[in-house]
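The values are calculated or read from the model by the stated rules, or taken from the named source; none is laboratory data. Fair warning: this is a prediction, and the values are worked out from it, not measured in the lab. Cβ atoms come from the backbone with ideal geometry, glycine included; neighbour counts cover every protein chain shown. Quick note on the areas: whole protein, heavy atoms, side chains included, nothing else; ligands and nucleic acids left out. Shrake-Rupley method; radii C 1.70, N 1.55, O 1.52, S 1.80 Å.
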Amino acid sequence: MDNCIFCKIANGEIKTDFVYENDKVVVFKDINPLAPIHLLVVPKKHYADLNEIDDKNILAELLNAVKEVCKKEGIKSYRTVINTGSESGQEVFHIHVHILSGKKLGSLC
Ligand code: AMP
Ligand code: ZN
């Protein structure tokens with residue numbers, strides 16, 4: 001998708017270190033971390049948000065990548081967050097799963 005920053009990161013147009021990558025998903029560090037560990041799990045294919053996903057396999061790929069990257073990085077306790085829509089706080093309209101860890105996390109909102 002043109003002018004989508006996460007498409008550009010996922011396709012290598014914007015050079016970014018990936019913490020994890022497979023054929024469907026990339027994982028990289030959030031530029032503005034809200035916890036000592038703050039990763040973003042992003043599908044290579046563009047979907048604006050969760051509501052737009054029409055392929056159950058992508059949902060499985062996203063959560064499986066969460067599990068794989070946490071295993072790889074030794075992250076045992078973590079919170080996952082998916083914001084959907086601007087009222088939820090979504091700012092980048094290419095779906096992503098936040099992984100937050102490395103400190104005792106507070107309430108959800
Ligand atoms: P959300 O509010 O759920 O849409 O989350 C978007 C997240 O993307 C925020 O936590 C931003 O800090 C993060 N972000 C925005 N641009 C970049 C970037 N170029 N590299 C890494 N993270 C980014
Ligand atoms: Zn995109």
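Quick rundown of the values:
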{"read-out": "Hits in the stretch 61-77 - residues which are open to solvent by less than 10 Å² (accessible area, probe 1.4 Å) and touching a Phe, Trp or Tyr at 6+ places or on another chain (Cβ under 9 Å)", "value": "65, 66, 69, 70"}
{"read-out": "Residues of the stretch 13-23 satisfying the condition of being under 12 Å from the mean Cα position of the chain (by Cα) and either loosely packed, with under 14 Cβ neighbours inside 10 Å or of a type outside the set (Phe, Trp, Tyr) (or both)", "value": "19, 21"}
{"read-out": "Residue in the stretch 52-61 that is hydrophobic (A, V, I, L, M, F, W, C), within 16 Å of ligand 2 (Cβ to nearest atom) and in a helix (DSSP H, G or I) present", "value": "yes"}
{"read-out": "Residues being of a type in the set (Val, Ile, Thr), assigned to a strand (DSSP E or B) and either within 6 Å of ligand 1 (Cβ to nearest atom) or out of contact with any Cys (no Cβ under 8 Å at 6 or more places or on another chain) (or both) - total across the stretch 84-101", "value": "1"}
{"read-out": "Any hit, the stretch 35-50, residues being without any contact (Cβ under 8 Å) to a residue 12 or more places away in the chain and either open to solvent by 80 Å² or more (accessible area, probe 1.4 Å) or more than 18 Å from residue 1 (Cβ to Cβ) (or both)", "value": "no"}
